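Beneath this line is the structure, given in structure tokens, with notes to follow.
The values are calculated or read from the model by the stated rules, or taken from the named source; none is laboratory data. For clarity, every value in this text was computed on a predicted model and none was experimentally measured. Heads up, the Cβs are rebuilt from the backbone with ideal geometry, glycines too, and the neighbour counts pull from every protein chain shown.
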Amino acid sequence: MHMADALLAPAVAATMYAASGITAGVSVHKLRKDDEEQKLPVMAVTAALVFAGQMINYTIPGTGSSGHMCGGMLLSALLGPQAGFLSMIVILAIQSLFFADGGLLALGANVWNMAFYGCFIGYYLIWRPIMRSMLFSNMGEHGAARAKIILASILGCVITLQLGAFSVCVETSLSGITELPFGVFLGIMQPIHLAIGLIEGLITTAVLLFVYESRPELVRDMTVSAGEKKGSLKATVITLAIAAIIVGGGLSLFASSNPDGLEWSLFGNEEAGYSQNLGLDEGDYGVQSDAADKAAAIQEKTSFLPDYSFAGSDSAAGTTVSGLVGSAIVAALAVLICILGGFFRKKNSTKNS
């Protein structure tokens, strides 16, 4: 769902930068009061895992399209909405600057569409209400917790991806792109992102169930009985880090070559025998602006692994290196921001006199 700069008029792009920037500022203010020190390593490895996960496009059968996880629901379920949102900003900014994935002018919109809904709407309106509810109480504490994780993960991913896809349609409509009629674009975008959301929900469920079985107190809004911890925090973090390495460095090589949901909606996949959908010309569509040209010039200079590959090479090694390097940069930057911002301070054992 990474939008290209051509999909946004500069005024709309600036508005979305402002909306995402204000939300980031509020999140920073909120996190300065946080004293959950154990979030720091968890934030690093989960941000790296989401970055790696976004590299893997999974095929949507029978469509000629593919999808990849957004990760907002996963991050907010483990870190809370504010830390999850800031983690997503790190991920999307690194993707845009270093890998030319998503336009730089469109970064504010991409943060809003892919992070805001999953982290805030998904957490406050879906995750927390379900996890704090009495649903599945007849299944026992352990069974109820697992069932609520499954329900909240799948429902949250589906709904928040639908909201993100809807926002893309609204933003392009407000940008005045006449070749993207709102109703037709919406009618293509929503169903394909429904399928993408269902698969992301299953992936999110699997990760959160693993964390719950290992260290249940890491899952937000989880009631943990005394003595319920089953594994060490270190082991859980290491396992997630290994998963990020395997996904980014290995499984990314097997990502689907089909266009993702947004690209498929715009250009179709007629070459593979599927619909052309809106059938836009990939080389000439959307809004042309000086702002977009300047943003593209910046990306050309900063993206040392464009499209997750070595420049001018089709070598699979480029994908592996991109996955490993990108995951490491995301993890390191997430930790650095936390340290500089003074987030996740250690609790004082004694009160100040």
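The requirement of being part of a helix (DSSP H, G or I), modelled with pLDDT of 95 or more and over 21 Å from LEU74 (Cβ atoms) is not satisfied by CYS157. Using the structure shown, decide if THR204 is in a helix (DSSP H, G or I), among the polar types (S, T, N, Q) and either over 19 Å from GLY279 (Cβ atoms) or in contact with a strand residue (DSSP E or B) (Cβ under 9 Å, 6 or more places away or on another chain) (or both). In short, yes. Among (1) in contact with a Ser or Thr (Cβ under 8 Å, 6 or more places away or on another chain); (2) crowded, with 23+ Cβ neighbours inside 10 Å, which single condition is ALA100 missing? Against the list (1) in contact with a Ser or Thr (Cβ under 8 Å, 6 or more places away or on another chain); (2) crowded, with 23+ Cβ neighbours inside 10 Å, ALA100 comes up short only on (2). The set of residues in the stretch 148-183 being among the acidic types (Asp, Glu) and either surrounded by fewer than 19 Cβ atoms within 10 Å (Cβ to Cβ) or on the phi > 0 side of the Ramachandran plot (or both) consists of GLU179 alone.
When you go through (1) more than 25 Å from VAL321 (Cα to Cα); (2) in contact with a helix residue (DSSP H, G or I) (Cβ under 6 Å, 6 or more places away or on another chain); (3) not in a loop (DSSP other than H, G, I, E, B) one by one for THR236, which number turns out not to apply? Tallying (1) more than 25 Å from VAL321 (Cα to Cα); (2) in contact with a helix residue (DSSP H, G or I) (Cβ under 6 Å, 6 or more places away or on another chain); (3) not in a loop (DSSP other than H, G, I, E, B), THR236 fails exactly one: (1). Somewhere in the stretch 242-254, is a residue surrounded by fewer than 20 Cβ atoms within 10 Å (Cβ to Cβ), touching a helix residue (DSSP H, G or I) at 6+ places or on another chain (Cβ under 6 Å) and under 18 Å from THR59 (Cβ atoms)? Checked the stretch 242-254: at least one residue is surrounded by fewer than 20 Cβ atoms within 10 Å (Cβ to Cβ), touching a helix residue (DSSP H, G or I) at 6+ places or on another chain (Cβ under 6 Å) and under 18 Å from THR59 (Cβ atoms). Restricting attention to the stretch 215-230, does a residue exist that is part of a helix (DSSP H, G or I), of a type outside the set (Val, Ile, Thr) and more than 21 Å from the chain's Cα centre (by Cα)? Yes, that holds for at least one residue. Do we have any residue at all in the stretch 295-314 that's touching a His at 6+ places or on another chain (Cβ under 8 Å) and either among the hydrophobic types (A, V, I, L, M, F, W, C) or without any contact (Cβ under 8 Å) to a residue 60 or more places away in the chain (or both)? For the stretch 295-314, residues touching a His at 6+ places or on another chain (Cβ under 8 Å) and either among the hydrophobic types (A, V, I, L, M, F, W, C) or without any contact (Cβ under 8 Å) to a residue 60 or more places away in the chain (or both): absent. When the stretch 188-201 is filtered for residues that are over 17 Å from the mean Cα position of the chain (by Cα) and either hydroxyl-bearing (Ser, Thr, Tyr) or more than 17 Å from TYR274 (Cβ to Cβ) (or both), only GLN190 remains. Where helices (runs of 4 or more DSSP H) fall entirely within the stretch 6-105, those with at least 2 residues that are closer than 23 Å to SER232 by Cβ and out of contact with any Gly (no Cβ under 9 Å at 6 or more places or on another chain) are at 39-54. Just one of the listed residues (THR23, THR46, THR15) is under 23 Å from ALA206 (Cβ atoms) and of a type in the set (Ser, Thr, Tyr), namely THR46.
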